[in-house]
Amino acid sequence: MAERMTAREVIALVADGFTPLPPPSDASRTDGTAVDGDGTAVDGPLGWTGYDDSRARASARTGEDESILCGTAEVGGRACVLAVFEFGFLGGSLGRATGDRIVAAYAAAAELRVPLVSLVATGGSRMQEGMIALGQLQRVAAASVRLRAAGVPQIAVLRDPTTGGGWATVGAGADVTLALPGAQVAFAGSRVRPPDADPAAYTAEDQYAHGHVDALVAPARLRDTLASWLRLLAPDTGVAGHDGTPAPPPDALRDLPLPATGWEAVLRARAADRPRAGAYLDAYFEVRAAIRGDRAGGADDRVECGLGLREGRVVAYAAQDGGATRPAGFRTVVRLLGLAERLGIPVLTLIDTPGAANDAAAERAGAGPAIAQAFAAIAGARVPVTSLVIGEGGSGGALALAAPGATWVTPDGYFSVIAPELAARILKRADDQVPETAGQLRLCPQDLVELGAARGVVGVAGPSGHPAEPA
């Protein structure tokens, strides 16, 4: 179990100063009580006997008047709005007053054009307020939609515990979701699960493994991690945005001539010592942070997506790392493209895969629909996308990440409609004819440029002797 901190302790851990937002103006809507005819409080909107006393005890114990603290702050010198749950106040539950304050925090983030950072610790909706409490989830969801439409990013940090509607709205609805190791993270709280439930399924670690959390962050690293994300999501010029200029393709990491044959191109791309995506990302970015998972139960560790800082400019990236891409990988790319579009960030894709995974598990996980979603996201992108083939470009699984008219290739990369071995098999050719088949596929970097499948080859002269890199 993760260490449980009070809201004030969490604020002190991550923030450089904190200024509370003014309470919502309509006190009759936000004090969490109902009144009878002569104005006497009657235990909340449902008249739940003892509710007033429970609130009074919670306030005396925590020093707070509600289950959430909202205010403006700086984290690592970056301005934001913080929404910090106090679990000690009735289990951090969401009541009407909580909803009012959360909605006000979202509105403040939109008005100030600064990210909203939620540090969540909640058991869910407040029973003593019944459907009025449950309805706050709709209000929070609507406020989140408005903030997304305004192009303002949201970060959530999942503390112990994060369950129920707080997980299903504030937590899982954020653009970037971080979690403290050991935290209980689940829709079902510990007292309402099936008696035979696997307890591991309700942990931050399991949510991370299944693609619902981007990173597990120890408390000691939380301030720096949040500051890094705020730097990427809201650079010095304000909320992230772009001027319409595409990201330049990375430089080739090996000084090579063009391959003499198609088979040489294939062998180069499959070489064990060839630079992989991580090396390209390290050379391209000064700082980067990854998002992980498709938010549908899957994560593909052979596809890395995230945001990076290059020469003061934020660029989103999606990089294949040499393995067969699984459906969760394609869906994570689609998720990244959606974030880039909302924030107006150019995108770089690095292509390196023998193809899409085609085993039974991949088919059942929706390989075809996931690839279709990736094609559609690239085709419909309203931000510029730049692509670089850094190794194998295997069929549709690679093409799904390629930007039409803005795809480049390295001297040790190739692109093909099918692997030469599979083409030979389909044509009933002997194994010794595979190299010849590779040549017939015209998959070399220079072939791709001549055929119009690639815009140029980075790092070498083009077929006419002129640089093939962009001006």
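Any read-out appearing in this document is the output of simple, stated calculations on the displayed coordinates, not a laboratory observation. Since the structure is predicted, the reported quantities are computational estimates derived from the model, not experimental observations. Cβ: placed from backbone, ideal geometry, glycine included. Neighbour counts: every protein chain shown.
Can you give the translational diffusion coefficient of the chain in µm²/s, computed by Stokes-Einstein from the Kirkwood radius over Cα pairs at 4 °C and 1.567 mPa s?
Values: Rh = 24.2 Å.
Once the numbers are plugged in, D ends up at 54 µm²/s.
Compute the FRET efficiency between Lys428 and Ala79 as 1/(1 + (r/R0)^6), taking r as their Cβ-Cβ distance and R0 = 60 Å, and round to the nearest 0.05.
Details: r = 66 Å, r/R0 = 1.09.
That gives a FRET efficiency of 0.35.
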Charge dipole (the chain, unit charges on Cβ, about Cα centre) - positive-most of Leu253, Gly88, Val383:
Val383
Return one number: the angle in degrees, 0 to 90 and rounded to the nearest 10, between the long axis of the Cα atoms of helix 51-62 and the longest principal axis of the Cα atoms of the chain.
70 degrees
Convert each backbone phi in the stretch 113-127 into a coupling constant with the Karplus relation 6.51 cos²θ - 1.76 cosθ + 1.60 (shift: θ = phi - 60°), then list the ³J(HN,Hα) values in order as whole Hz, x for Gly and Pro.
6, 10, x, 9, 10, 9, 10, 9, 8, 8, x, x, 6, 7, 4
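Quick one: Glu111, Glu64, fewest Cβ neighbours within 10 Å first, how do they rank? Don't skip to the end; give the middle numbers.
Working: Glu111 11, Glu64 16.
Neighbour counts put them in this order, fewest first: Glu111, Glu64.
Given the rule -39500 (n - 2.57) for each run of at least 4 DSSP H residues, summed and divided by the residues of the chain, what is its mean residue ellipticity at 222 nm, to the nearest 500 deg cm²/dmol? Working shown, then result.
On the way: 17 runs with 160 residues, N = 471.
The per-residue figure over the chain is -10000 deg cm²/dmol.
What FRET efficiency would be calculated for the residue pair Glu286, Arg57, taking the C-beta separation as r and a Förster radius of 51 Å, to the nearest 0.05? Write down the numbers at each step before the final one.
On the way: r = 51 Å, r/R0 = 1.00.
Step by step, r from the Cβ atoms, then E = 0.50.
Can you give the FRET efficiency for Glu64 and Leu451, using 1/(1 + (r/R0)^6), R0 = 41 Å, r = Cβ-Cβ distance, to the nearest 0.05?
On the way: r = 66 Å, r/R0 = 1.60.
E(calc), rounded to 0.05, equals 0.05.
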Segment Gln138-Ala12, length gained on full extension (0.36 nm per residue, minus Cα span)
42.3 nm
In order through the stretch 357-365: 3J(HN,Hα) via Karplus (6.51 cos²θ - 1.76 cosθ + 1.60), integer Hz, x for Gly, Pro
4, 10, 7, 4, 5, 5, 4, 5, 7
Degrees, to the nearest 10: 327-343 long Cα axis against longest axis of the chain
70 degrees
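By counting other Cβ atoms within 10 Å of each Cβ, how are Asp16, Asp321, Asp412 ranked from fewest to most? Don't skip to the end; give the middle numbers.
Values: Asp16 12, Asp321 20, Asp412 25.
By the 10 Å Cβ count, ascending, the order reads Asp16, Asp321, Asp412.
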If neighbour count is taken as other Cβ atoms inside 10 Å, put Asp198, Asp447 in order from fewest to most.
Asp198, Asp447
Between helix 136-149 and the chain, what is the angle of the helix's C-alpha long axis to the longest principal axis, kept within 0 to 90° and rounded to the nearest 10?
40 degrees
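Residue separation times 0.36 nm, minus the C-alpha to C-alpha distance between Met127 and Leu267: what's the value? Can you show the working numbers first?
Values: separation 140, 0.36 × 140 = 50.40 nm, distance 6.40 nm.
Computed gain between Met127 and Leu267 is 44.0 nm.
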